[in-house]
Amino acid sequence: MTAFFNAIFSRILGAVRDLAPIIIVIAFFQIVVLQQPFPNLGETLVGLVCVVLGLALFIHGLENGLFPLGEAIAQAFTKKSSLVALLSFAFCLGFGTTVAEPALIAIAAEAAEVVALAGHIENEASVRDAYALNLRIVVAFSVGSAVVIGVFRILKAWPLHVMIISGYVIVTVLTFFASPEIIGIAYDSGGVTTSTITVPLLTALGVGLATSIKGRNPMLDGFGLIAFACLAPIIFILAYNMVA
């Protein structure tokens, strides 16, 4: 128990150190540049404490829970020697983590509201919810597919840079044919998929696979799934817009 509290205390100090630049910048501009007091200072301080504690617990949970779990599952599937099972798990992991991603939920809801106000869909709650859900499903499906491709890359040792460059060439071409209104949403959707839930599990999956496969270097082959997860939603949303 003592070791646990020591680890948490160390995480809290690390969180304070990591957040210090943000706090200093905000305080400087609020006090020196704007020369205004902080609104609701008490609530702001309470929120800051919650952020520090939440970040410390989150990092501790990643290193002691999600990362070991993801690596263990990847190694177990490798020992099982079932390609279908491994790829099915990879797709479900990418799809499930993306659907549950808070950042994607937020941007999908915001996109639905903006699209409704622009007159592209009916400005009704049910229609906006359906639009946001469809957007999340498309992004989640794209990330699941991207993880499958990324796992294939690790298994076959395909060059990462060639695949990423080819993907962005496709993005560039699709951008010229897609509706201007969807381009920003597509590009932002690629970024919000790599957040608090998706990144730790996909990283652990990639490193676990590269570690357990003979002839693979975890530094060279274990990373890259996140790049595919960023790239695929852009392609899928632009293509979905052109088809739909």
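Structure notes:
- Size descriptor for the chain, Kirkwood hydrodynamic radius: 20.3 Å (Cα pairs only, one decimal).
- Kirkwood hydrodynamic radius over Cα pairs of segment 1-47, then Stokes diffusion coefficient at 20 °C and 1.002 mPa s, in µm²/s: 170
- Comparing ALA27, ALA140, ALA210 in a Gaussian network model of the chain where C-alpha atoms under 10 Å apart are linked, the largest mean-square fluctuation is found at ALA27.
- Percent accessible area from carbon and sulfur atoms, segment 164-215, protein chains only, probe 1.4 Å: 71
- Coarse-grained scattering of segment 72-214 at q = 0.13, 0.16, 0.18, 0.22 Å⁻¹, given as base-10 log I(q)/I(0) from a Debye sum over alpha-carbon atoms: -0.66, -0.90, -1.06, -1.33
- Where the chain is the region considered: accessible area per residue in Å², 1.4 Å probe: 56
- Per-bin percent of Cα-Cα distances, segment 1-132 [10 Å]: 10, 20, 22, 28, 16, 4, 0
- Principal semi-axes in Å for segment 135-181 [√(5λ), Cα gyration tensor, largest first]: 23, 16, 5
- Equivalent-ellipsoid semi-axes of segment 150-223, from the Cα gyration tensor, Å, largest first: 29, 16, 7
- Working note: Debye formula, equal point scatterers on the alpha-carbon atoms of segment 21-93, no solvent; log10 I(q)/I(0) at q = 0.13, 0.21 Å⁻¹ is -0.62, -0.94.
The values are calculated or read from the model by the stated rules, or taken from the named source; none is laboratory data. None of the values given here were measured: they were computed from a predicted structure. Only protein heavy atoms, including side chains, enter the accessible area calculation; ligands, DNA and RNA are left aside. Shrake-Rupley method; radii C 1.70, N 1.55, O 1.52, S 1.80 Å.
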